[in-house]
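Inspection log for the structure reproduced underneath, given as structure tokens.
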Amino acid sequence: MPESLSPRKLSTARLKRRVCLSEAAQCFHLEFVVEGVEEFSFVPGQFISVVATDPRGRLETRAYSIASAPKANQFDLCLNRVEGGYFSNLLPDLEVGTTIQIEGPLGFFTVREPVADSILVATGTGVAPIRGMLQWMFPAAGPDRSDGKEIWLVYGTRNEGEIYYREEFEAIAQRHGNLHYLATLSRAPEDWAGLRGYVQDHVARIVEERAGRLGLPLPSPKPDPSILPAQLRFDMYAYICGLSDMVAAVRERLTGFGWHRKQIISERYD
């Protein structure tokens, strides 16, 4: 995930729970408790940086998107084990009760308010900040912050075993009719009954069908040039997180519809 932008005071986080989401992909869900505080405040979509000294005595820092909405002094991470990676092997191997040092939260990959119709797009562990956004918009307890807006989650991966948090997202979609959960496989087997192909194609279909339903023109009209960029508001946004090629492909499709760059909020982790 993104590099740390500035030095921050370090906090101590203790591992509370570890779950392997996919043995094949070696993807892990980690739950932490920040010690010494009652609240660990952050905006869904932000990231923390883990800080540690490697075996060679060098100070290493690695940023990871927070995979949850704020909940007391807790936060979640979602990451893959990577061969030769220091933190990507250190973190999955932590024993429950072990502590790490973190700085943050940091970052601007966050939901623009007031909430508008939105397409959330993720591949792989890019789903981490998206999960936090969805937990915030559709909390298990408390007010619905989606304000009834249409929210699409388009999640792409190669194989069915790599659809992370599938049951959780399906449950949210069952409780809230305005959340549309679309999982698509790029290497789908013959018996796969869901969507196939790449996320950018399904994003384009969503935009086209919504425009047709609402009677909107494609490409979209340009914003009023008299409005300052900081004051621009749109009736739809896209939030994209994943590898650079995917982010670029989705962005290209949306700009082809006349979308303004401020409508497209993205984060890359390669």
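The values are calculated or read from the model by the stated rules, or taken from the named source; none is laboratory data. Computed from a predicted structure; not experimentally measured. Every residue, glycine among them, receives a Cβ derived from its backbone with ideal geometry; neighbour counts consider all protein chains shown.
Considering region 115-145 alone, what residues qualify as being assigned to a strand (DSSP E or B) and out of contact with any strand residue (DSSP E or B) (no Cβ under 9 Å at 6 or more places or on another chain)? Full working, then the answer.
Narrowing region 115-145 to residues assigned to a strand (DSSP E or B): 117-123.
If the condition is that a residue be assigned to a strand (DSSP E or B) and out of contact with any strand residue (DSSP E or B) (no Cβ under 9 Å at 6 or more places or on another chain), then no residue fits.
Cβ-Cβ contacts under 6 Å between residues 6 or more apart (or on different chains), taken from a first residue in region 115-143 that is of a type in the set (D, E, K, R) to a second residue that is part of a loop (DSSP other than H, G, I, E, B), are listed as ASP117/LYS149; ASP117/GLU150; ARG131/ALA67; ARG131/TYR165. Would a scan of region 142-157 turn up a residue that is at pLDDT 95 or above, buried (at least 17 other Cβ atoms within 10 Å of the Cβ), under 10 Å from the mean Cα position of the chain (by Cα) and over 30 Å from ASP191 (Cα atoms)? No, because not a single residue in region 142-157 is at pLDDT 95 or above, buried (at least 17 other Cβ atoms within 10 Å of the Cβ), under 10 Å from the mean Cα position of the chain (by Cα) and over 30 Å from ASP191 (Cα atoms). For region 83-122, which positions are polar (S, T, N, Q) and more than 15 Å from GLN26 (Cα to Cα)? If the condition is that a residue be polar (S, T, N, Q) and more than 15 Å from GLN26 (Cα to Cα), then THR98, THR99, GLN101, THR110, SER118 are the ones that fit.
Of all the listed residues (SER220, SER266), the sole one being among the small types (Gly, Ala, Ser), touching a helix residue (DSSP H, G or I) at 6+ places or on another chain (Cβ under 6 Å) and under 22 Å from ARG112 (Cα atoms) is SER266.
When ALA211, ALA188, ALA183, ALA173 are screened for being surrounded by fewer than 18 Cβ atoms within 10 Å (Cβ to Cβ), at pLDDT 95 or above and either in contact with a strand residue (DSSP E or B) (Cβ under 8 Å, 6 or more places away or on another chain) or within 23 Å of GLY256 (Cα to Cα) (or both), only ALA211 passes.
Is there a residue in region 47-60 that is surrounded by fewer than 21 Cβ atoms within 10 Å (Cβ to Cβ) and in contact (Cβ under 8 Å) with a residue 40 or more places away in the chain?
Filtering region 47-60 for residues surrounded by fewer than 21 Cβ atoms within 10 Å (Cβ to Cβ) gives 51-60.
Okay, now just the ones that are also in contact (Cβ under 8 Å) with a residue 40 or more places away in the chain, so 51-52.
Within region 47-60, one or more residues are surrounded by fewer than 21 Cβ atoms within 10 Å (Cβ to Cβ) and in contact (Cβ under 8 Å) with a residue 40 or more places away in the chain.
The residue pairs whose first member lies in region 87-99 and is over 9 Å from ARG18 (Cβ atoms), whose second member is surrounded by 13 or more Cβ atoms within 10 Å (Cβ to Cβ) and among the acidic types (Asp, Glu), and whose beta carbons are closer than 8 Å, counting only pairs six or more residues apart or on different chains, are PHE87/GLU60.
One line per residue, one yes/no per condition, for (1) of a type in the set (Val, Ile, Thr); (2) touching a Phe, Trp or Tyr at 6+ places or on another chain (Cβ under 6 Å); (3) within 20 Å of SER11 (Cβ to Cβ):
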| site | (1), (2), (3) |
| --- | --- |
| HIS29 | no, no, no |
| VAL33 | yes, no, yes |
| PHE42 | no, no, yes |
| VAL82 | yes, no, no |
| PRO92 | no, yes, no |
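Looking across SER49, SER88, one residue alone is more than 21 Å from LEU134 (Cα to Cα) and either touching a Gly at 6+ places or on another chain (Cβ under 6 Å) or of a type in the set (A, V, I, L, M, F, W, C) (or both). It is SER49.
Do the conditions hold for ILE172, that is, is it touching a Lys or Arg at 6+ places or on another chain (Cβ under 8 Å) and under 24 Å from LEU79 (Cβ atoms)? Give the derivation first.
Working: touching a Lys or Arg at 6+ places or on another chain (Cβ under 8 Å): no; under 24 Å from LEU79 (Cβ atoms): yes.
Considered against the rule, which asks whether it is touching a Lys or Arg at 6+ places or on another chain (Cβ under 8 Å) and under 24 Å from LEU79 (Cβ atoms), ILE172 comes out as no.
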